[in-house]
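Rule-based calculations on the coordinates, nothing more; no lab input. All figures in this text were calculated on a predicted structure; none of them were measured in a lab. Please note: Cβ atoms are built from the backbone with ideal geometry, for glycine as well, and neighbour counts cover all protein chains shown.
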Amino acid sequence: MKEKYDFLSIEAKWQKRWEDAALFRTDDAAPGDPFYLLEMFPYPSGKLHMGHVRNYSIGDVAGRYLRMTGRNVLHPMGWDAFGLPAENAAIQHGIHPYIWTSEHMEAMRDQLKRLGVSYDWDRELATCSPDYYKWTQWIFVQFFKEGLAYKKKNPVNWCPSCETVLANEQVVDGACERCGTEVGKKNLDQWYLAITKYAQRLLDDLEQLGWPQNVKTMQQNWIGRSTGADVDFDIEGFD
Ligand SMILES: [Zn+2]
């Protein structure tokens, strides 16, 4: 027996064997109680970091365990590849977002494969692909028809140097986190989804979930429904 674990050759050998055998491909018609296992889709604006490795390892352990107990597990992977993080990374590196995003999806896919995570890669999707975002557009149209999507002008964080809108998280001490320029407000047309129409229903249905009370409280605060408060103050010298 070799004294040293030669991970480069051992892992490459077995990962190729798994891939050739299509070991993690999900057959919809296979026996076993179906289980849909989804972690989260990473932003392909860089490469994998240890936070990803932790998250996807936990999902992988769950998937492998469930398969061993006879469940028919669908474990897909995809890329949250549309919008601000991808655009910002492309601006920062002076590359077209499509090229930047595609290169990083490829690099991260390679990293996930080397980690040996048990995904069904036949189900891979990218939210920046027309095949996917046609559905985003479709669902937006349904919201619009129901009066749940509406447009209004509102002041947003604006970096005059990057010429982009910034999320609150991207404004650090009043300055753009990317270039340090002072961030101003700009009145821009924006689309909104009328999620507050569902605030009461979200609160009611929260009670049906078997979550710990502190998690429910966090959710209640996040939903943030408020009807105001009645307060009586005693005034000295008056009835
Ligand atoms: Zn900036």
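Rounded to the nearest whole angstrom, the semi-axes of the ellipsoid equivalent to region 145-222, taken from the Cα gyration tensor as √(5λ), stand at 34, 20, 7, largest first. Dipole of the chain computed with +1 at Lys/Arg Cβ and -1 at Asp/Glu Cβ about the Cα centre; of C128, L206, M218, farthest Cα towards the positive end is C128. In this structure, the amide hydrogen of L166, modeled 1.01 Å from its nitrogen in the peptide plane, lies closer than 5 angstrom to those of N157, W158, C159, counting only residues at least 5 positions away or on a different chain.
Here region 57-90 is scanned for amide nitrogen atoms under 13 Å from the site 7 Å beyond the Cα of E169 along Cα-to-Cβ, giving 84-86. Put simply, the amide H of V73, placed in the peptide plane, has neighbours under 5 Å in F35, leaving out anything fewer than 5 places away on its chain. For region 84-145, the Kirkwood hydrodynamic radius from C-alpha pairs, put into Stokes-Einstein at 20 °C and a viscosity of 1.002 mPa s, yields a diffusion coefficient of 156 µm² per second. The P(r) of region 92-199 has a tail past 21 Å containing 63 percent of all C-alpha pairs. Only Cα pairs under 8 Å and at least 6 apart count here; give the relative contact order of region 1-121 as a rounded whole percent. With pairs under 8 Å counted, the relative contact order is 36 percent. Across region 70-209, Cα pairs under 8 Å and at least six residues apart give a relative contact order of 20 percent. Using θ = phi - 60° in the Karplus curve 6.51 cos²θ - 1.76 cosθ + 1.60, the 3J(HN,Hα) couplings for region 189-198 round to 5, 9, 8, 10, 10, 7, 5, 5, 4, 9 Hz; x is entered for Gly and Pro. Taken about its Cα centre, region 1-148 carries a charge dipole of about 380 debye when Lys and Arg each add +1 at the Cβ and Asp and Glu each add -1 at the Cβ. Expressed in Å, the radius of gyration and Dmax of the Cα atoms of the chain are 24.2, 93. The peptide list 126-132, 227-233, put in order of mean Cβ contacts within 10 Å with the highest first, becomes 126-132, 227-233. Charges were assigned to the Cβ only: +1 to each Lys and Arg, -1 to each Asp and Glu. The resulting dipole of region 23-74 about its Cα centre is roughly 220 debye.
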